[in-house]
Amino acid sequence: MLAAFISRVLRRVAQKSARRVLVASRNSSNDATFEIEKCDLHLLEEGPPVTTVLTRAEGLKYYRMMLTVRRMELKADQLYKQKFIRGFCHLCDGQEACCVGLEAGINPSDHLITSYRAHGMCYTRGLSVRSILTELTGRRGGCAKGKGGSMHMYTKNFYGGNGIVGAQGPLGAGIALACKYKGNNEICLTLYGDGAANQGQIAEAFNMAALWKLPCVFICENNLYAMGTSAERAAASTDYYKRGNFIPGLKVDGMDVLCVREATKFAADYCRSGKGPILMELQTYRYHGHSMSDPGVSYRTREEIQEVRSKRDPIVILQDRMVNSKLATVEELKEIGTEVKKEIDDAAQFATSDPEPRLEELGHHVYSSDSSFEVRGANPWIKFKSIS
């Protein structure tokens, strides 16, 4: 059943992708108009537009960002196998259109919280590749000083990376409550996976957000598999965009950065208007297994993965659009690829040579701003000083 579903999706997307390229029209030397897939709607009379304009500058920016996330994740895979990275490590290659499209649809002052598959969101929220890879290797130059690792990275208006499945749901609602309380016209994007969608705390967050009309965009990244279990085996209803019941929802092509961007803009405008929360389901796919300990082929076939790579890859979709509409040349995109490779290689070199945190720093940064105090270690005779 799952194989048939994936096959239908692939055929539909392949046909629509081809049609989108054909209808692209040049408005000027610097932009082009494209058709994008219509979103399925729940409790909404109108949804995002079905056409959008992509400028050359935007296209090059999105391409560079998606390629950076892809190669950063592949480098993390390599560093993990070389044992520079230890512990949990969840990669998001294949889902690049989600993180880049979401960021393109909101303001830098808006807020975002996500699950443990967070590396791409870390980058699009403003962390450098060097600070991400160095955090993965547990070194002092990491964005969390080497003490957070893969699942716990943070920056301004980005709240992680959360290791507990679904825990970010109520936290995101709380961030949205703060936005409403302050009256700053900001919103919070709260992301979770199709597996976490079955958590009770997600339903509780829906209820509170709807009661208080919080400016929260709940986003289910549906990559079809909750760890090693297909969505159809784990959920009685796989219409995740309808799971809010009383909350309006959208089902979005999560492999198309433009579709994600326009849906995010629509959802953000909805929340800013004071109507309360909205739910988005991004239909996407991860190429790696659930984590680095999962080969990813015991519950799906290699052929399935390869078929998605060949027909729905988000980077290839954007690349074809840009080249066919003459927004960029193949040579320009290759040059970007060369620059990205060098950036990743330089970051990896730093991440494997930077020193580890000193033991006495273990108690630092318990609070963001407070006078220093002592933190007990493994026994009463070991003390660490906490410095904000």
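Taken over the range 98-113, the criterion of being within 15 Å of Gly160 (Cα to Cα) and touching a residue at least 40 places away in the same chain (Cβ under 8 Å) is satisfied by Asp110, His111, Leu112, Ile113. Restricting Tyr123, Tyr116 to those that are open to solvent by 30 Å² or more (accessible area, probe 1.4 Å), part of a helix (DSSP H, G or I), among the aromatic types (Phe, Trp, Tyr) and farther than 19 Å from Arg272 by Cβ reduces the list to Tyr123. One residue alone among Lys275, Lys265 is modelled with pLDDT of 95 or more, under 30 Å from Lys213 (Cβ atoms), open to solvent by 60 Å² or more (accessible area, probe 1.4 Å) and not in a helix (DSSP H, G or I), and that residue is Lys275. Taking the numbered list (1) more than 28 Å from Phe84 (Cα to Cα); (2) modelled with pLDDT of 95 or more in turn, Ile344 passes all entries but (1). Per this entry, Gly94 is not counted among residues that are of a type outside the set (D, E, K, R), modelled with pLDDT of 95 or more, on the phi > 0 side of the Ramachandran plot and in contact with a strand residue (DSSP E or B) (Cβ under 7 Å, 6 or more places away or on another chain). In the range 350-378, the residues that are within 20 Å of Thr155 (Cα to Cα) form Cβ pairs under 9 Å with partners that are among the acidic types (Asp, Glu) and open to solvent by 100 Å² or more (accessible area, probe 1.4 Å), at six or more places apart or across chains, as follows: Gly363/Glu374. The selection criterion, being open to solvent by less than 80 Å² (accessible area, probe 1.4 Å), in contact with a strand residue (DSSP E or B) (Cβ under 7 Å, 6 or more places away or on another chain) and closer than 23 Å to Gln95 by Cβ, does not hold for Arg286. Return yes when Arg130 is assigned by the TED database to the domain that holds Tyr225 and in contact with a helix residue (DSSP H, G or I) (Cβ under 9 Å, 6 or more places away or on another chain) and no when it is not. Answer is yes for this residue. When the range 184-200 is filtered for residues that are open to solvent by less than 50 Å² (accessible area, probe 1.4 Å) and closer than 16 Å to Val165 by Cα, the ones remaining, listed by number, are Thr190, Leu191, Tyr192, Gly193, Asp194, Gly195, Ala196, Ala197, Gly200. For the range 184-239, the tally of residues that are aliphatic (A, V, I, L, M) and assigned to a strand (DSSP E or B) stands at 5. Does Ala197 fit the bill of being assigned by the TED database to the domain that holds Gln349 and touching a Cys at 6+ places or on another chain (Cβ under 8 Å)? Spelling it out, Ala197 is indeed assigned by the TED database to the domain that holds Gln349 and touching a Cys at 6+ places or on another chain (Cβ under 8 Å). The criterion of being touching a strand residue (DSSP E or B) at 6+ places or on another chain (Cβ under 6 Å) and assigned by the TED database to the domain that holds Thr114 holds for Leu258. Scanning the range 312-336 for residues that are within 21 Å of the chain's Cα centre (by Cα) and either not acidic (Asp, Glu) or not assigned by the TED database to the domain that holds Leu67 (or both) yields a total of 7. Determine whether Ser353 is in the same structural domain as Tyr80 (by the TED database) and either small (Gly, Ala, Ser) or touching a Ser or Thr at 6+ places or on another chain (Cβ under 8 Å) (or both). In short, yes. Within the range 174-183, restricting attention to residues that are out of contact with any Pro (no Cβ under 8 Å at 6 or more places or on another chain) and either under 19 Å from Glu103 (Cβ atoms) or part of a helix (DSSP H, G or I) (or both), the residue that is most open to solvent (accessible area, probe 1.4 Å) is Tyr181. Of the candidates Arg139, Arg117, the single residue that is closer than 28 Å to Glu360 by Cβ and modelled with pLDDT of 95 or more is Arg139.
Determine, yes or no, whether Thr134 is of a type in the set (Val, Ile, Thr), in contact (Cβ under 8 Å) with a residue 60 or more places away in the chain and farther than 18 Å from Ala197 by Cα. Judged against the criteria, Thr134 is a match. Residue by residue through the range 27-54, note down the ones that are in contact (Cβ under 8 Å) with a residue 60 or more places away in the chain and assigned to a strand (DSSP E or B). Answer for the range 27-54, where residues must be in contact (Cβ under 8 Å) with a residue 60 or more places away in the chain and assigned to a strand (DSSP E or B): Asp31, Ala32, Phe34, Asp40, Leu41, His42, Thr52, Leu54.
For the range 29-60, the set of residues classified as loosely packed, with under 15 Cβ neighbours inside 10 Å and among the hydrophobic types (A, V, I, L, M, F, W, C) consists of Leu43, Val50, Val53, Ala57, listed by residue number.
The values are calculated or read from the model by the stated rules, or taken from the named source; none is laboratory data. Just so you know, these numbers come straight off a predicted model, no measurement behind them. Reconstructed Cβ throughout: ideal geometry from the backbone, glycine too, with neighbour counts over all protein chains shown. Each accessible area value is taken on the protein alone, full model and side chains, heavy atoms only, with ligands, DNA and RNA left out. Shrake-Rupley method; radii C 1.70, N 1.55, O 1.52, S 1.80 Å.
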